[in-house]
Amino acid sequence: MTVAIRPAPSGNVRRRQSAAADTPLARFGRAVGVVGLVLCAAATALPLVLLIFNALKGSGEVLADPIGPPVPPHFGNLTDAWSQGPSGAPLAQNFLNSVIVTSGTVALVTVLAAFAGYALGGFSFPGEKWVTQGILILLAVPVQATLIPVFDMLDGAGLRNTYTGIILVYGAFWMPFSVLLLRAAFRAFPRALLEAARVDGAGELRIFFQVVLPVLRGPIAGVAIVNAIGIWSELLFSYVLLTDPSKQTLPAAIIAYQGVFITDYRLLYAGLLISVAPVLIFYAFMSRIIRKGMSAGSFR
């Protein structure tokens, strides 16, 4: 086997490259890029800042000055929203519902998607291409178009207003994305390790649990985290399928603060902040794993 070795750039080449990167045009381009990133960050952060401001104001203050800071801040809005939900039950119950639905769905999707991704990415079998194409087609179907059929199906099966029903619905919607992403990760897995394990007499389940999973924990955890953030924030299906206030998740319960004739903006914004805060904290601590999971399949 012939190995081509590229010589290291000489000192003159490095100096020319450094000079080219330090021209006025290059500096102007970097400055424009930095300004653009700052503007994008500011535009992204502005709604969050306004949410925090309004969550700490009284209802009259929100209407009088919706963009100014709270003077003074009313931190009691958060405790009021937590203990006084719009339906009479404490918002803490809806928070617990979101935890149950999110954790149950993530567990279901992660386990099934890991097995399915390993089957599609680690084996070649008749119909594999068609199965993958079918999953891609499922990703193209707008989930909003399935709302009425899903409602009728769960109503007929007696699964409306149940954790089981909403978990199954979320699991079906998030499964194609998870399977395709983990398929890419399993396809990038070194085949030599799999063959060595098979030569040693290991079965496929043992290979999956003792060889593949320890190496691909990052991509699998990334997929689980992305799913958790999306499921926690979902509103449409939880609002339609969970009409029992004691079973509603946080986004669906908070909508009730906005009435037909009157809206309690103080508790509405406080409830929204309670709903958003766990996602922000979760993402802040797990951002590295999310980036690793989203780049699954890009390593060899």
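The values are calculated or read from the model by the stated rules, or taken from the named source; none is laboratory data. The shown structure was predicted, so the numbers you read here are calculated from the model rather than taken from an experiment. Cβ placement follows ideal geometry from the backbone for every residue including glycine, while neighbour counts extend to all protein chains displayed.
Structure data summary
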quantity	calculated
The lone exception for Arg160 - which of (1) part of a helix (DSSP H, G or I); (2) under 24 Å from Leu235 (Cα atoms) it fails	(1)
Residues satisfying the stated conditions in segment 138-147, i.e. in a helix (DSSP H, G or I) and either modelled with pLDDT under 85 or loosely packed, with under 10 Cβ neighbours inside 10 Å (or both)	Ala140, Gln144, Ala145
Test result for Leu181, buried (at least 19 other Cβ atoms within 10 Å of the Cβ), hydrophobic (A, V, I, L, M, F, W, C), within 22 Å of Met286 (Cα to Cα) and in contact with a Pro (Cβ under 9 Å, 6 or more places away or on another chain)	yes
When residues of segment 54-67 are limited to those that are surrounded by 13 or more Cβ atoms within 10 Å (Cβ to Cβ) and in a loop (DSSP other than H, G, I, E, B), the one nearest to the chain's Cα centre (by Cα)	Leu56
Filtered residue count, segment 230-245, keeping only those that are surrounded by 14 or more Cβ atoms within 10 Å (Cβ to Cβ) and either over 22 Å from Ala145 (Cα atoms) or among the small types (Gly, Ala, Ser) (or both)	4
Members of segment 247-281 found to be exposed (fewer than 14 other Cβ atoms within 10 Å of the Cβ) and over 22 Å from Phe53 (Cβ atoms), listed by number	Gly259, Val260, Phe261
Residue within segment 76-85 that is not in a helix (DSSP H, G or I) and not assigned by TED's automatic domain parsing to the domain that holds Ala252 present	no
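Quick grid of which residues meet (1) buried (at least 16 other Cβ atoms within 10 Å of the Cβ); (2) outside any helix (DSSP H, G or I):
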site	(1), (2)
Asn94	yes, no
Thr102	yes, no
Thr110	yes, no
Phe115	no, no
Ser124	no, yes
